[in-house]
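This report refers to the structure that appears directly beneath it.
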C-alpha cells in the first residue's frame, strides 16, 4: 500500500526527535556570524549566490583575479573563478610567512607511543619547500600524479602540500587498504611516484606499510611508478629497491628551504581521491585549486567560528576527504593550529582522545559517530580524569549520528556548553554543505539547514519536493565552488552517476527528510554503498573480494546496523560445487575479504544460499535481500526474475 498520497516517490520517515538545544548566551555574543546576520546572509546568498562566493574568494590571495565567477556554459562541467591564477599552498602556507602567523604553531602531532612533534608555520613552510625541491629533482612536475599511502604523520601533511605546491596532483590512499586496493588506484591514476612509510604504530604494534607497497607494485599492470619515497618511522624492516626507492630523509637532506610555488589555473587539478561506488570500480573524484580552497576556507571559518588562539582537532585520517579538507587545507588556510594523532583511539586505554584534548588545550573537536559510540561503551569514567574545559565547539561527520550518541557527546564531552556542529557533505562536495552554525538551534540527529550559498532540497523519484516529514532523495539544485569537477578519465560516468536522474541537479545519493522547521535529517544511502565506521565501501567491491575465493560462485552484500560501527556487511553466498558451508569456511572467507580489501571491510555474517534474487537482466536485487533480512515489505517485484519458468 502506498502511504505517501500525492508523493509516490517519497519514503516514510520513522525517526522522531523533539529535543531542542539552544546555544549559550556567551556563544552567541562571541560568534563571528550572529544569528540575525546569518538569516540576512542566507537570504542574500539565495538571491545572488555568485556575489556571495565572490566575496568569499576575495578573502584569499590570487596571482590574477578571475574573469568570471561561474562558467555554467557546459553543465554539469561547471568551472569556478575562470581565468584566475592561484595555488592553494600559497594561501595555506606562503602568505602566512608574511604575517604574525609565521611563528604560530601550524601542526601538533602525537604518535601512538607518545612521541610528539610541533611545527610552526615557518618550519612547515621550509619542510614543504625542501620536499618540493626533492620532488622536482625526481622529475615530478605539473599534472603528474603522486599516490600518498601514509598514516597520519607530519610528513603526510608535508607531502600533500609539496605535491600541490609544484602543481602535481596528489591521490591519497588510506593506509588500511590492501595491496590490491592500492594497486588499483595507482594504476587508474597512472601515478609516477608513491610516497609511503616503512611502518607505523597502531593499537600497540608496528604495521609494515612498505611491504604492502612492494606487493602492490609487483603486480601493477601499467608499470607507471618510477620512484617510491619512504619515510623512516617505525624501525620495521623495509626492503629498498636501489633503482626505485629512496629514503625521504636522504631526498630532502641537501635541498634548499626555498622553493618556487607553481602558478596554477583556478581549474587545474589539485587532487584525485578515490571513493567506492556501487558498481565496484572506485570513482576518481577530481578537485581543483581555486573553487576548492574558497569553499573549504569559508565553511571551516564560519561553521567552527575559528578564533586566532584556537587549537582545532579533526580526528579523521588524512587519507579521506575529511582529512584533506579539515585536517590539512582548511585549518592551514585559516591560519589555525591543527592536531594530528597517529594511532588507535583506544590505545593504551579508552581515554586517549580526552588525554590529547587535555594536554594540548584543544578548543574544537570534530569526530565521527562511530568513535563517539565506541567511547560511550566506557561511560564517563575516563572523562572524569581529564580537564576538557578548553573545548568550546564539537563536531560530527561521516554518517548520521543517532540522537542518543549526540546527546551523550554534547552532555558529557561538551559539558552541555559546547554546540555540536553535525555536518553533512561528501567526497564529491569537497566542503560542508548542510550544517548548523554556533548560533543555531540544534536538534539531536539533524544536520540542520543548508549553509549560505548552498541550495538543497528533498525530492521524490519524480523530482517533486516531498512534504515535511516524508523521506526522499537529497539533491543540490545549484552549483557550488568546491564541487567535484569530473570523475578521472570517466566524464560519462560522472554525468550518469550524479546528474542524469534530474538534469542540472546534483543527486547526492542519500535519503533524507525535512521537518516542519526546514531542518534536514539524513536517513542513509539510497544506493548500495556501505558506510562502515565512517568508511565508504562499495558493495560490489566486497562482492568481488568474495568471488575471488575459489569456494565462491556468487555473492551479494548488504549493510546491517551495528551499534559501534554504524553499519557492517552481511554476505549472501552461493558456493561452487565441492564446497560445504561451515563455520571454518565462513572464517576463511571473512579473512580472505579482509586481506583483499583491508580491515575496513567488516563482514558480520555469511548466509549460504542456492539462489539470489535477480532482475530479468541478471542484476542482483539487494533491496529484496534487505527486505527479507529485516522482515519488511519487498515492494515492487515486477522486475524480479521468475525462477519457476
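Given (1) in a helix (DSSP H, G or I); (2) surrounded by fewer than 24 Cβ atoms within 10 Å (Cβ to Cβ); (3) touching a residue at least 40 places away in the same chain (Cβ under 8 Å), where does residue 157 come up short, assuming only one miss?
(2) is the only condition that residue 157 fails.
On the basis of being closer than 30 Å to residue 345 by Cβ and surrounded by fewer than 20 Cβ atoms within 10 Å (Cβ to Cβ), does residue 95 make the cut?
No; evaluated as a whole, the condition is false for this residue.
Among 380, 309, 322, 390, which is surrounded by 21 or more Cβ atoms within 10 Å (Cβ to Cβ) and in contact (Cβ under 8 Å) with a residue 12 or more places away in the chain?
After ruling out the rest, the residue left standing is 322.
Kindly state which helices (runs of 4 or more DSSP H) lie completely within region 28-142 and contain at least 1 residues that are more than 30 Å from residue 229 (Cα to Cα).
Of the helices (runs of 4 or more DSSP H) lying wholly inside region 28-142, those with at least 1 residues that are more than 30 Å from residue 229 (Cα to Cα) span 35-47, 49-57.
What do you reckon, is residue 345 under 21 Å from the mean Cα position of the chain (by Cα) and within 17 Å of residue 111 (Cα to Cα)?
Considered against the rule, which asks whether it is under 21 Å from the mean Cα position of the chain (by Cα) and within 17 Å of residue 111 (Cα to Cα), residue 345 comes out as yes.
Is it the case that residue 388 is outside the structural domain of residue 234 (by TED's automatic domain parsing), under 17 Å from residue 443 (Cα atoms) and at pLDDT 95 or above?
Criteria not met by residue 388.
Scan 285, 231 and give me the residue that is assigned by TED's automatic domain parsing to the domain that holds residue 186, buried (at least 22 other Cβ atoms within 10 Å of the Cβ) and either within 25 Å of residue 185 (Cα to Cα) or touching a helix residue (DSSP H, G or I) at 6+ places or on another chain (Cβ under 8 Å) (or both).
Only one candidate passes the filter, namely 231.
In region 164-209, how many are in contact with a strand residue (DSSP E or B) (Cβ under 8 Å, 6 or more places away or on another chain) and free of Cβ contacts under 8 Å to residues at least 60 places away in the same chain?
Of the residues in region 164-209, 16 are in contact with a strand residue (DSSP E or B) (Cβ under 8 Å, 6 or more places away or on another chain) and free of Cβ contacts under 8 Å to residues at least 60 places away in the same chain.
With 441, 474 as the choices, which residue is closer than 26 Å to residue 39 by Cβ, modelled with pLDDT of 95 or more and within 21 Å of the chain's Cα centre (by Cα)?
Only one candidate qualifies: 474.
Show me the strands (runs of 3 or more DSSP E) entirely contained within region 278-356 in which 1 or more residues are at pLDDT below 95.
Correct list: 283-288.
Counting residues that are within 19 Å of the chain's Cα centre (by Cα) and modelled with pLDDT of 85 or more, which strands (runs of 3 or more DSSP E) fully inside region 523-592 reach at least 3?
In region 523-592, the matching strands (runs of 3 or more DSSP E) lie at 566-575.
Among the candidates 503, 481, 468, single out the residue that is under 28 Å from residue 19 (Cα atoms), modelled with pLDDT of 90 or more and part of a loop (DSSP other than H, G, I, E, B).
When all the criteria are applied, what remains is 468.
Search region 402-418 for residues being out of contact with any strand residue (DSSP E or B) (no Cβ under 6 Å at 6 or more places or on another chain) and in a loop (DSSP other than H, G, I, E, B), and hand back the single one that is surrounded by the fewest Cβ atoms within 10 Å (Cβ to Cβ).
Step by step, filter region 402-418, then rank; the result is 416.
The values are calculated or read from the model by the stated rules, or taken from the named source; none is laboratory data. As the structure is a prediction and not an experimental result, all values here were calculated from the model. Ideal geometry is used to build each Cβ from the backbone, glycine not excepted, and the neighbour counts take in all protein chains shown.
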